[in-house]
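Shown next, in C-alpha cells, is the structure this report addresses.
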Amino acid sequence: MARIDELLVRLKDLRGSDLHLAAGIGPRLRVRGEIVPAEGWDTLDDAGVRELLVEIVSPEKWREFESQLDLDFAYALPGVGRFRANYLVQQNGASAVLRLIPATIQSVEDLALPQAIESLTKLDQGLVLVTGPTGSGKSTTLAALIDRINATRAYHIVTIEDPVEFVHENKRSVVSHREVGPHTSGFGPALRSAVRQDADVVLVGELRDHETIALAITAAEMGLLVFGTLHTNSAAKTIDRVIDAFPADEQNQVRISLSDSLAGVVSQILLPTADGKGRCAVHEILLRTSGLPNVIREGNTPMLSSIIQSGKSMGMQSMDDALFAFVSAGRVLPADALAKATNKSRFEGLAGGASQTAA
C-alpha cells in the first residue's frame, strides 16, 4: 500500500474532496470547502513529496512529470474510489492535488437536481453546457445526467475526458470512455471521430479552445446530443465566452451556429449548507425557447435575463432567484447567498443584516 493511500482513505472518511501536497507544508485536506491540515503529518520537503507521488505512477508517467513539470492522470484505489490527480512544480518544489471521484455515481434524485435539468437527458440533439468555477460539482452533475441517459435510452455514449473521471457501466446504452493521451491525441480529434462512431451522445470533459468548441457545436448541428463544460458562472457569460473564443471575423457565423444548436445552459455553484454539515449545489438554468436564437444571433445577451424570467413555468431560474429560494427554505445562510448574488440589495435585509455578517 502506497503511503499516500493513507491520506486518500482519510480524505474519504472525512467526506472531503481534495488532497493537497506541497513542499514546505504538511498535507492538507479540503473538507466541506475548507482546507485543513492532515493530523499526524509533519512538514514535507521536495524529496518527501516526490517520495509520495512516485509510488502511484508508472515509470513512464514519472519521466513525463520530470520532463514536463506537470502531469494529469486518474488513480484508482480499490474500496475507496478514483482520484483525478494533477502533479506540478512550484516555487518550493513538487506539489500535487488529488480530487476524489466517488466510486458510486450519484443519481439525479440523489443530487436533488431540478426537473428542468433532468429534462435535458430527454433531448435528441443539441449542445448542453454545464458551467461553474473549479470545484463546483460540474463533473458530478454531468455524471448523473449521463447515468440517467445510460439507464433509460438505448444509445451509444462517448465520453472524452482528460483524465476519465466517472466510469459508467453499460446499462441500456453502450458507453465508450476515451481519455486524452492513452486513447486519443486530443479533444478535437476525438470529437471528429465521434461523428463517425455512431455516437448519439458525446460528453466533452472541457471545452478548452475554439477548435474544440467549434467541433462541439458542429456535432450538435449534425444531430448529436453534446454535453460540455466551461468555467463561467452565468448563462450570459457562457454565451459570451463561447463567442469570444473565436477570432472577430468568425464570430458572426459562430453566433448563427450556436443559436441553432444551443439546447441549454446550467450554471452551478456550491455553497455550505446552513447546518454546516455539507455543501449544496445552486443552479441558474437557461433552456431553449423560440426567442433564444434571435438573442444569440443579435448578441443581445442582457436579454437572457428576460428569457429566464419568462421561462419560469419551464423550470428556468436565475442564480439570484435560486439563491433566494435556498435562503427562504433555510438550506443556506443569507450571508453565503449574499456573497454569490448579483443583486446584493435583495439579500441585505434577510436575517437582520446578512450583509454585515458577510462583510
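Taking 0.36 nm per residue of separation and subtracting the Cα-Cα distance, full extension of the segment from LEU14 to VAL31 would add 5.4 nm. Counted residue by residue at 0.36 nm each, then reduced by the alpha carbon distance between them, the extension gain from GLU221 to LYS122 reaches 33.9 nm. Each Lys or Arg adds one and each Asp or Glu subtracts one; over the other residues with Cβ under 15 Å from the Cβ of ILE213, this totals -3. 3J(HN,Hα) couplings calculated from phi for the stretch 15-27 with the Karplus curve 6.51 cos²θ - 1.76 cosθ + 1.60 (θ = phi - 60°) are, in sequence order, 6, x, 10, 9, 9, 10, 10, 7, 4, x, 9, x, x Hz; Gly and Pro show x.
Put a dot 7 Å past the Cα of SER345, heading toward its Cβ, do the same for ASP45, and the two dots end up 5.9 nm apart. Rounded to the nearest Hz, the phi-derived 3J(HN,Hα) couplings of the stretch 201-209 under the Karplus curve 6.51 cos²θ - 1.76 cosθ + 1.60 (θ = phi - 60°) are 10, 10, 9, 9, x, 7, 8, 8, 8, where x marks glycine and proline.
Across the chain, C-alpha contacts under 8 Å between residues 6 or more apart give a mean separation that, scaled by the residue count, equals a relative contact order of 12 percent.
Restricting attention to the chain, close to 60% of DSSP beta bridges with both partner residues there are antiparallel.
Rounded to the nearest 500, the helix-only mean residue ellipticity at 222 nm of the chain stands at -10000 deg cm²/dmol, with each DSSP H run of n ≥ 4 adding -39,500 (n - 2.57).
Across the stretch 305-343, the residues whose backbone nitrogen lies under 13 Å from the label position 7 Å along the beta-carbon direction of ALA274 are 324-337. Charge tally for ALA22 (other residues, Cβ to Cβ under 11 Å; Lys, Arg +1; Asp, Glu -1): -1. The label point for GLU60 and the one for VAL174, both projected 7 Å from the Cα toward the Cβ, are 2.6 nm apart. At the listed q of 0.10, 0.15 Å⁻¹, the Debye profile of the chain, built from one uniform point per Cα, gives log10 I(q)/I(0) equal to -0.68, -1.37. For a Förster distance of 30 Å, can you work out the FRET efficiency between the beta-carbons of ALA112 and LEU88, rounded to the nearest 0.05? Plugging the Cβ-Cβ distance into 1/(1 + (r/R0)^6) gives 0.30. When each full DSSP H helix of the chain is screened for a Cα extent of at least 20 Å along its own axis and an average Kyte-Doolittle hydropathy of at least -0.5, the helices passing are 138-152. The spread of Cα positions in the stretch 115-317, taken along each principal axis and listed from longest to shortest, comes to 51, 42, 28 Å.
Classify the stretch 3-101: rounded, prolate or oblate, from the alpha-carbon gyration tensor (a ≥ b ≥ c, eigenvalue square roots; a/c under 1.5 rounded; otherwise prolate if a/b is larger than b/c)? Since a/c reaches 1.5 but b/c is at least a/b, the shape of the stretch 3-101 is classed as oblate.
Extending 7 Å from the Cα toward the beta-carbon at both ALA325 and ASP260 defines two label points whose distance is 3.4 nm. Does anything in the stretch 142-174 have its amide N under 19 Å from the 7 Å Cα→Cβ label point of SER185, and if so which residues? Within reach of a label on SER185: 160-162.
Loop exposure criterion: GluC sites (Glu not before Pro), DSSP state outside H, G, I, E and B, at most 11 other Cβ atoms within 10 Å. Applied to the chain, the longest stretch between such sites is 170-297.
When Lys and Arg each count +1 and Asp and Glu each count -1, what net charge do the other residues less than 15 Å away from SER318, Cβ to Cβ, add up to?
Local charge sum for SER318: +2.
Kindly flag which residue pairs out of LYS61/LYS277; LYS138/LYS312; LYS138/LYS171; LYS61/LYS340; LYS12/LYS340 have an alpha-carbon separation exceeding 32 Å in this structure. Result: LYS61/LYS277; LYS61/LYS340 exceed 32 Å.
Centre-to-centre, using Cα atoms only, the stretch 26-63 and the stretch 310-326 are separated by 41 Å.
Read-outs: derived from the displayed coordinates by stated rules, not from any lab. Predicted model, so just to flag it, every value in this text is computed and none were measured. Note that each Cβ is placed from the backbone with ideal geometry, even for glycine, and that neighbours are counted across all protein chains shown.
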